[in-house]
Amino acid sequence: MIARQWRGVAQSKHARRYVKHLRTETFPALRKQAGFVDASILSRALGNGIEFLVVTRWQSLEAIAGFAGRDPEAAVVPAEVAAMMIDYDRRATHFEVIE
């Protein structure tokens, strides 16, 4: 199993809207992807924004490529989400899940 991690810092005024976007748009779309297992949202206050770490788990890197495209480390950030962010990762990181 592979864990995919992506980090973004949302403007405080958009933090709730971002979580809603994940719950109503992103996660339902991911559930339709072959090889998707589950997802978590972690957050913390950070300076002038709210930092989010989104961790998704997948059966394989090939499954991630089905979602992210030819470059599985490329971040998938819709324009609507980018507009909510102060800063965000352009690349996702992947870790093999040991336990």
Have a look at ALA45, ALA39 and point out the one that is outside any helix (DSSP H, G or I), over 13 Å from the mean Cα position of the chain (by Cα) and not acidic (Asp, Glu). ALA45
Taking segment 1-32 and keeping only residues that are outside any helix (DSSP H, G or I), under 19 Å from ALA75 (Cβ atoms) and over 14 Å from the mean Cα position of the chain (by Cα), one is left with GLN11
Here are some residues: LEU22, LEU46, LEU30. Which one is surrounded by 13 or more Cβ atoms within 10 Å (Cβ to Cβ), among the hydrophobic types (A, V, I, L, M, F, W, C) and farther than 28 Å from GLU99 by Cβ? LEU46
Which ones in segment 78-95 are touching a Phe, Trp or Tyr at 6+ places or on another chain (Cβ under 9 Å), surrounded by 15 or more Cβ atoms within 10 Å (Cβ to Cβ) and under 17 Å from VAL19 (Cβ atoms)? VAL81, MET84, MET85, TYR88
Residues of segment 52-71 being outside any helix (DSSP H, G or I) and not aromatic (Phe, Trp, Tyr), which ones? LEU53, VAL54, VAL55, THR56, ARG57, GLN59, SER60, GLY69, ARG70, ASP71
In segment 40-53, is there at least one residue being touching a Ser or Thr at 6+ places or on another chain (Cβ under 6 Å) and closer than 15 Å to ILE2 by Cα? no
Among (1) surrounded by 12 or more Cβ atoms within 10 Å (Cβ to Cβ); (2) in contact with a helix residue (DSSP H, G or I) (Cβ under 7 Å, 6 or more places away or on another chain), which single condition is ALA68 missing? (2)
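Only the coordinates and a few stated rules stand behind these numbers; no lab work does. Treat the numbers as computed from the prediction; the structure is a model and nothing was measured. Methodologically, a virtual Cβ is constructed for each residue, glycine included, from the backbone with ideal geometry; neighbour enumeration extends over all protein chains shown.
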